[in-house]
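The values are calculated or read from the model by the stated rules, or taken from the named source; none is laboratory data. No experiment lies behind these values; they were computed from the predicted model shown. Don't worry about glycine lacking a Cβ; one is built from the backbone with ideal geometry, like all the others, and counts go over all protein chains shown.
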Amino acid sequence: MKIIISLLVTSLASLALTGGATATPLLDSWLTAYSGQYARVYLTDTDKNNGTSYSTWARGALSQSLPAYAGVREIYSSANWVYVRSSGLGSHVLGPWYLNLAHSAVFPNVPINTKALYRFPRMPATNNVHALTGGGPIGYFVDGVSMFDSRDAFYWNGAGEVNGAGSWNRDAWVNESVTFDTAYAHQPGSGQYHYHANPIALRYLLGDHVNFNAVTKSYAESTNAAPQHSPILGWVRDGFPIYGPYGYAKATNASSGVRRMISGYVLRNGQNGADNLTATGRTAIPAWATRGGEIAATGPAVSGAYPLGRYLEDNAYLADLTNFITGQRYQQGTDFDLNEWNTRWCVTPEFPSGTWAYFVCIASNGAPVFPYNISRTYFGQATGGNTTLSEVVTTNFVGGANSALILAAPVVSNNVVTLTWSATEGGTYRVEASGNLATWTTNATGIAALKNKGGITAATVGTNQFFRAVRTAVATYDP
């Protein structure tokens, strides 16, 4: 018996287009495997504990009343730019979010489909003048979730903490992590889901040394030695990649082993040559902040209400400090790995000839460490950002409701064939069979996708059997 699969492609199930574009990490690193399934959330701990997730949800003024497809929806390119369209909703289950450690008060904001289009320069360039990061997305992670900087949008204005940016900017991880979900992400009143620090759920999906506890639905850094270089986790607005925490021990030697990258920043606690803000008060911003354009200002005294570490400026850059023991300045590449922008020039699996790259910073126990993903200024020229399409582009990927229908190799046993295919969640499918490719008989219809998978088991007839599949309908979704 011979089983032959024929794929019938319709306008409802179009294939992703490659357009002959040259393969590059900026085009190839995006996580598109989950593009055909709905984004989902847990709204409460009870939902999470029971494994009950929702594809529509609402809280307060924010509502996702129709299902939205997860993550990256489209990728386009031109000679100078790569464009990524995303719902902004991760491929893992998002949430829940609370206002306190006891989880007795729910966080008032929930995520929604942001329908973002963001562009990145294909030829990133360094810059002698480093621009300050602003509010909103400063890049995107490869699952289509936005990257925010290290601030929580509040600063000390001399009399109190107010919304905005100044010279004593509150640290988002220190002050807001209580509102993060188990993936270390949350959203403001606009509903834009984002990471400020270690995107641990994405790292798990990419196989970057993270474990997932299926009972508690939580993530944790593996306690074993990292076996390989971290993957690209995202792209910053300047066009440079951001990797997970693990890089080559020697920046330009791929045979030097793999280890956790060490941040170039330390608390201003009197150790490592830093000043002691607890003793002297917040009378001066650090040198790196001055270089970044911040204006000298006095902050609140260190106290229980304003503890050390509350502000970005409570950290000093090691290369500005002198080692008490040696009497020498600390050196990147010897005492720490990442410069004041949280980058280094290095070889990576995707860039064997070298690149400037950002790295996620964590402690040995997996806890996020300042400056987390990127410091207060961009390393390169921040020419990317939110945009609209205004040039002729090549289509490199189309997902969501237009995800490709791809049949897998059939499994045949005792004249029974099992067919599986990549489906679009919310889609309905029909399978037809033929012995001669001329006359087709409906084998099954109304086959509903299970997330982004479809399948059927069918008895075969005759010596030659052909099958074809087609999507016949798709449920209403948030476009």
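Of note:
- Identification of strands (runs of 3 or more DSSP E) wholly contained in the stretch 209-290 with 3 or more residues that are of a type in the set (Gly, Ala, Ser) and surrounded by fewer than 16 Cβ atoms within 10 Å (Cβ to Cβ) yields 253-260.
- Test: residue in the stretch 201-208 that is surrounded by fewer than 19 Cβ atoms within 10 Å (Cβ to Cβ), assigned by TED's automatic domain parsing to the domain that holds VAL41 and without any contact (Cβ under 8 Å) to a residue 40 or more places away in the chain: yes
- Long-range neighbours under 7 Å by Cβ, at least six apart or interchain, first residue within 14 Å of ASP320 (Cβ to Cβ) and among the β-branched types (Val, Ile, Thr) within the stretch 255-282, second modelled with pLDDT of 95 or more and part of a strand (DSSP E or B): VAL266/ASN315; VAL266/ALA316
- Pairing residues of the stretch 225-243 that are at pLDDT 95 or above with residues that are part of a loop (DSSP other than H, G, I, E, B) and surrounded by fewer than 21 Cβ atoms within 10 Å (Cβ to Cβ), at Cβ distances under 6 Å and at least 6 apart in sequence or on separate chains, gives HIS229/PRO349; PRO231/LEU206; ILE232/SER29; ASP238/GLN381.
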